[in-house]
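J.: Got a structure for you, questions after.
We did not get these values from a lab; they are worked out from the coordinates using the rules stated. Being a predicted model, the structure only gives us computed values, none of them experimental. Quick reminder, even Gly has a Cβ in these numbers, built from the backbone with ideal geometry, and neighbours come from all protein chains shown.
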């Protein structure tokens, strides 16, 4: 089962992804055309409903034309301690 802290991380990541997508002026569909991810799945990731894999992270970065590590550089990520 996913913890409340884990849910928060997924939401923070999703917000960061959405911000990057909107900065690039990409709709869900346009972003999906740039990678191997369905636009509905991108919506779920942005809403924090999906825990993605490294391969998905790479695809999202490809669609945004950024390095994958930039997707992990979001507010709150550095403060997560277990």
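J.: Kindly provide the helix-only [θ] at 222 nm of the chain, computed as the sum of -39,500 (n - 2.57) over DSSP H runs of four or more divided by all residues, to the nearest 500 deg cm²/dmol?
T.: -17500 deg cm²/dmol
J.: Kindly put 13, 74 in sequence by how many other C-beta atoms sit within 10 Å of each C-beta, fewest to most.
T.: With the sparsest Cβ surroundings first, the list reads 74, 13.
J.: Using only Cα atoms, find the angle between the long axis of helix 4-23 and the longest principal axis of the chain, and express it within 0 to 90 degrees, rounded to the nearest 10.
T.: Once rounded, one gets 30 degrees.
J.: When a footprinting reagent is the concern and you count Cβ atoms within 10 Å, what order do 45, 11 take, fewest first?
T.: Working: 45 21, 11 15.
Result, fewest neighbours first: 11, 45.
J.: Using the alpha-carbon atoms, what tilt in degrees (0 to 90, nearest 10) does helix 54-64 show relative to the longest principal axis of the chain?
T.: Taking the Cα atoms of the chain, the angle to 54-64 is about 50 degrees.
J.: Give me 42, 2, 52 sorted ascending by neighbouring Cβ count inside 10 Å, so fewest comes first.
T.: Result, fewest neighbours first: 2, 52, 42.
J.: Okay, next question. Under 13 Å from the 7 Å Cα→Cβ point of residue 51, by amide nitrogen: which residues of the range 1-45?
T.: 1-11
J.: Stretched out fully, how many nm does the piece from residue 4 to residue 62 gain, at 0.36 nm a residue minus the Cα gap?
T.: Additional length available on full extension: 17.9 nm.
J.: I've got another one for you. Could you tell me what a quarter of the Cα convex hull surface of the chain works out to, in nm² with one decimal place?
T.: 5.2
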